[in-house]
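To keep things clear, I will list the structure first and then write my remarks on it.
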Amino acid sequence: AARCEKNRRVFLKKHRPGKNKTVGSDRTNNAGNWRIRKANPNGRYYAKIKRTRRCTGDKSPTVVK
């Protein structure tokens with residue numbers, strides 16, 4: 001929903017044994033876009049957004065760099 005796209009906190013997570021590590025976060029802009037730059041992006045990563053009272057959460061597919 002459009003109302004759920006702006007100003008949401010997005011977390012970038014790195015897959016690893018045990019608990020996955022949060023390596024960055026950003027907030028979405030008015031169009032729902034976000035960006036997190038990582039200097040050495042080797043590994044497997046995914047983005048996650050938490051559920052709120054009005055909006056569902058989501059998780060991206062894993063990307064291998």
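General remarks:
- All positions within region 21-51 that are open to solvent by 100 Å² or more (accessible area, probe 1.4 Å), over 19 Å from residue 2 (Cβ atoms) and in a strand (DSSP E or B): 21, 44
- Residue in region 53-65 that is modelled with the lowest pLDDT, counting only those that are part of a loop (DSSP other than H, G, I, E, B) and either among the aromatic types (Phe, Trp, Tyr) or out of contact with any Cys (no Cβ under 8 Å at 6 or more places or on another chain) (or both): 65
The values are calculated or read from the model by the stated rules, or taken from the named source; none is laboratory data. Because the structure is a prediction, the values reported are computed rather than measured. Cβ atoms come from the backbone with ideal geometry, glycine included; neighbour counts cover every protein chain shown. When the accessible area is computed, the model is the full protein with side chains, heavy atoms only, and any ligands, DNA or RNA have been set aside. Shrake-Rupley method; radii C 1.70, N 1.55, O 1.52, S 1.80 Å.
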